[in-house]
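Nothing in this text is a laboratory measurement; each read-out follows from the coordinates by a stated rule. Note that the coordinates shown come from a computational prediction; the quantities given were computed from them, not determined experimentally. Positions of Cβ are generated from backbone atoms using ideal geometry, with glycine treated the same way; all protein chains shown enter the neighbour counts.
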Amino acid sequence: MTAVEEIVYGSNMSSRVVSWLWLLLLLTVSVSACGASVCPCERPEFCQQIRPRRDLEVFLFDVGGQTWRSYNWSMVTTVATFGKYDADLMCYAHSKGARVVLKGDVPLSHIVDQDNRTAWITEKVNLAKSQFMDGINLDIEQAVEEGSPEYHALTALVKETTEAFHREIPGSQVSFDVAWSPNCVDGRCYDYVTIAESCDLLFVMSYDEQSQITGDCIAMANAPLTQTLNAYDEYLKLKIDPKKLVMGVPWYGYDYVCLNLSQEGICSIAKVPFRGAPCSDAAGKQKPYKWIMKQVQSSMSGRIWDSKQEAPYINYKDPKGHIHQVWYDDPQSICAKADYVTSKGLRGVGMWNSNILDYSGEAVARQQTAMMWNALLGC
């Protein structure tokens, strides 16, 4: 017998079993070494990358749990997974023709070194392959001084990440999250033009716009309409292709304790400095839309529409007798922003985050949730 025949046709059953187990182990090691993964989906085609691009991008962030089962999948084009990897979510999204992309975050000081940067990119590409993902969302959000080593490293990271993903995963998508304005918001003085040219799209986080309050310390809208849209005009003035811009809207609001509530409804808030500004939205607490909708019913004011900021708010009293003011976005404020997306020919719209609506299925909640999803398409 040859050596192979000796292994396969061993003299007794025991030796044959051991031999087969040994061959299986060798095969497993060989497959692992090649970076292959077993498709976890019921249908193998659901592990294939999603390549077609739809006219309107609806880009959402999922932070974990099972609420994804209740999303409006007829609209979703991309899911950025910021929670624990969920193979079921990947399979289901692919079955609906939606991309699923990784979260990418790294300290900029680390990737100033070229070798570190290359190693980080390689790690992310391999992870995306092993999880049958369709790209990566770069969520850096770190302060950067223009012209600094970190400034150049960040610009190079986006370019090199995009090149690597496009080469290794044809048709993949690389997106980059940017602040609501390109004017060095929160110290993020990035090379926006080059970054936009390098990647597939910019997700503009049009929320937390009160992170630096330079005027009176008062509660205000999370994303006032005029301020929000003027910031997109600034991006477009940089000659950034509108088809690279996705408008991110908030599905949450801010709950502020009022130190004083004036007759005109102005809520004075505590001074919480941030990056040189005397006040910030850090004086409040983020609240999900589903919580806010319940609070509206028990509030002392009911929903109030502010025509100047074009956003709703409520006033309520907590068990200790403190008056709170909550500013948030709802279908009326969101659809006006979505209309801008259409009128300016932007790439699409998305939200932070998709998990925080009420998906309980109760009649009122179902209606509220459907209205928020539909608002993404405009009025």
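Note on R54/N183: beta-carbon distance plugged into 1/(1 + (r/R0)^6) with R0 of 30 Å gives a FRET efficiency of 0.45.
Each peptide among 331-338, 185-192, 210-217, 130-137 gets the average number of other Cβ atoms lying within 10 Å of its residues, and from highest to lowest they stand as 130-137, 331-338, 185-192, 210-217. Size of region 194-295 from its Cα atoms: along the principal axes, largest to smallest, the extents are 47, 34, 22 Å. Taking 0.890 mPa s as the viscosity and 25 °C as the temperature, the Stokes-Einstein diffusion coefficient of the chain based on its alpha-carbon Kirkwood radius rounds to 107 µm²/s. For the options S175, S298, S206, a Gaussian network treatment of the chain with springs between C-alpha atoms closer than 10 Å singles out S298 as fluctuating the most.
Annotation for S298 and R69: the two label points, set 7 Å from Cα along the Cα-Cβ direction, are 2.8 nm apart. Here each label is just a point 7 Å from Cα along the line to Cβ, and for T194 and E141 those points are 2.5 nm apart.
Projecting the Cα atoms of L89, I140, Y71 onto the charge dipole of the chain, computed from C-beta unit charges around the Cα centre, puts Y71 farthest toward the positive end.
Past 23 Å, Cα to Cα: identify those pairs from K287/K337; K239/K308; K271/K320, in the order given.
Beyond 23 Å: K239/K308.
Of the residues P288, P40, P224, the one that moves most in a GNM of the chain with alpha-carbon contacts below 10 Å is P40. For region 297-379, the ratio of Cα radius of gyration to the globular rule of thumb 2.2 N^0.38 Å stands at 1.27.
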